[in-house]
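I have placed the structure first, in the form of structure tokens, so that the comments after it can refer back to it.
The values are calculated or read from the model by the stated rules, or taken from the named source; none is laboratory data. The model shown is predicted, which means the values in this text are computed figures rather than measured ones. Don't worry about glycine lacking a Cβ; one is built from the backbone with ideal geometry, like all the others, and counts go over all protein chains shown.
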């Protein structure tokens, strides 16, 4: 699963455990509060130095952290994970994201700037643990905050090491300790305790709806990235080889663990067969109906839900478990499925992407809306029609919409786009950066500073 299980508390003798947990959290929040107050007195140049120190200090540990997170979570591909971490280290926006707005007129001047919140509690998934953690840290520090990380239990050790490295970089650079911290253990109890601590000012959640619901119950500012199920439309005007190459690049990356990666294809019927042929030319394994049904049976449970244990696993392993012959060296498989099939309608982060046929563009757009399920997360299209590109973007209404490109480009891969690894679809911020972890302040000056 992407997030924690924030279900009802167990009944039983847990008071002693929770008391120790609360004491540990109290000490951590106190230390973070002291660090925040010291940091608040620093200049913007000091913030920039701290962030530069993190970028420099993390560069030599990227591959080690990638391999460590792969071994600990059992998900994804170490080389792809390293690329994600490198992206977060190098392309997460810093203080330049905090733009100042000025309005002057006959009545005077209005200055609007971004100010720090305080202590940010950041809840992370196991799918992209280190990259998301680094991305959140740089964003929080750029906004002037302290941050306490709440890693997934399956990614605690690698997260702890990453936090230690970043905190040391900051401490050595500007002399402030505990500005970047991590919970002393991982789990839903301790995470909830932190989120509900009165001195925690903001909660950033990247993960499941259950974690996000727990954050909302804490009754404070929440920036929330909820679930996704990104569909991509391929119409009859598209460059099919380019569409196949882009989808293969994105959905095959890290075995499709990225929340923005294509999870379902909606193809116009007349180009469905040529599109499958184009996928084959890209080295994608095209599954026939019988093999696709075997894979569907493997990836779903008898109770009508997704079998999450195969998320982030290699294609070869999945096909072998399903009884389907694997064709080396494919990283991704595509096969046809019906619109109402579970693997189409529910997000599953595996390197097998279902393709649904639709007779025309109107029905394809309607199907994509059904698949996306109003998560307002990510969707996209491959088309040469300007009218369809515009209509699909408007109708889908997602936080991220990608036209004629790999979906992972929206996160900053291989294009000049700032890195954003948390998509706050539930709370409306969209791709999260420093400005979303700050609050806007307005200063009004009457009868002055007008030079016209």
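Structure above, values below:
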{"read-out": "Residues located in the range 319-328, provided they are part of a loop (DSSP other than H, G, I, E, B) and over 19 Å from residue 277 (Cβ atoms)", "value": "323, 324, 325, 326, 328"}
{"read-out": "Qualifying residue in the range 225-235 (condition: over 23 Å from residue 338 (Cβ atoms), at pLDDT below 95 and surrounded by 20 or more Cβ atoms within 10 Å (Cβ to Cβ))", "value": "yes"}
{"read-out": "Test: residue in the range 111-131 that is in contact with a helix residue (DSSP H, G or I) (Cβ under 8 Å, 6 or more places away or on another chain), buried (at least 24 other Cβ atoms within 10 Å of the Cβ), free of Cβ contacts under 8 Å to residues at least 60 places away in the same chain and outside any loop (DSSP other than H, G, I, E, B)", "value": "no"}
{"read-out": "Filter pass, residue 194 being crowded, with 20+ Cβ neighbours inside 10 Å and more than 17 Å from the chain's Cα centre (by Cα)", "value": "yes"}
{"read-out": "Filter pass, residue 212 being assigned to a helix (DSSP H, G or I), modelled with pLDDT under 95 and in contact with a strand residue (DSSP E or B) (Cβ under 6 Å, 6 or more places away or on another chain)", "value": "yes"}
{"read-out": "Pick from the range 408-452, criterion in contact with a helix residue (DSSP H, G or I) (Cβ under 7 Å, 6 or more places away or on another chain) and surrounded by fewer than 19 Cβ atoms within 10 Å (Cβ to Cβ), ranking: nearest to residue 104 (Cα to Cα)", "value": "435"}
{"read-out": "Filter pass, residue 339 being at pLDDT 95 or above, touching a strand residue (DSSP E or B) at 6+ places or on another chain (Cβ under 8 Å) and surrounded by fewer than 21 Cβ atoms within 10 Å (Cβ to Cβ)", "value": "yes"}
{"read-out": "When residues of the range 197-209 are limited to those that are touching a helix residue (DSSP H, G or I) at 6+ places or on another chain (Cβ under 8 Å) and in a loop (DSSP other than H, G, I, E, B), the one farthest from residue 40 (Cα to Cα)", "value": "197"}
{"read-out": "Enumerated strands (runs of 3 or more DSSP E) restricted to the range 221-308, each holding at least 1 residues that are within 19 Å of residue 367 (Cβ to Cβ) and over 23 Å from the mean Cα position of the chain (by Cα)", "value": "231-234, 264-268"}
{"read-out": "Subset of the range 69-106 [in a loop (DSSP other than H, G, I, E, B) and either touching a residue at least 40 places away in the same chain (Cβ under 8 Å) or closer than 30 Å to residue 312 by Cβ (or both)]", "value": "74, 75, 76, 77, 92, 93, 94, 98, 99, 106"}
{"read-out": "Criterion: within 19 Å of the chain's Cα centre (by Cα) and either surrounded by 21 or more Cβ atoms within 10 Å (Cβ to Cβ) or not assigned by TED's automatic domain parsing to the domain that holds residue 311 (or both) - qualifying residue of 98, 87, 44", "value": "87"}
{"read-out": "Members of the range 349-389 that are outside any helix (DSSP H, G or I), more than 16 Å from residue 247 (Cα to Cα) and touching a strand residue (DSSP E or B) at 6+ places or on another chain (Cβ under 8 Å)", "value": "357, 358, 359, 360, 377"}
{"read-out": "Extreme residue, farthest from the chain's Cα centre (by Cα), among residues of the range 149-185 that are crowded, with 23+ Cβ neighbours inside 10 Å and over 25 Å from residue 40 (Cα atoms)", "value": "158"}
{"read-out": "Count of the range 251-276 residues which are surrounded by fewer than 19 Cβ atoms within 10 Å (Cβ to Cβ) and either out of contact with any strand residue (DSSP E or B) (no Cβ under 9 Å at 6 or more places or on another chain) or free of Cβ contacts under 8 Å to residues at least 12 places away in the same chain (or both)", "value": "3"}
{"read-out": "Condition broken by residue 316, with the remaining ones in (1) touching a helix residue (DSSP H, G or I) at 6+ places or on another chain (Cβ under 8 Å); (2) within 19 Å of residue 282 (Cβ to Cβ); (3) in a helix (DSSP H, G or I) satisfied", "value": "(1)"}
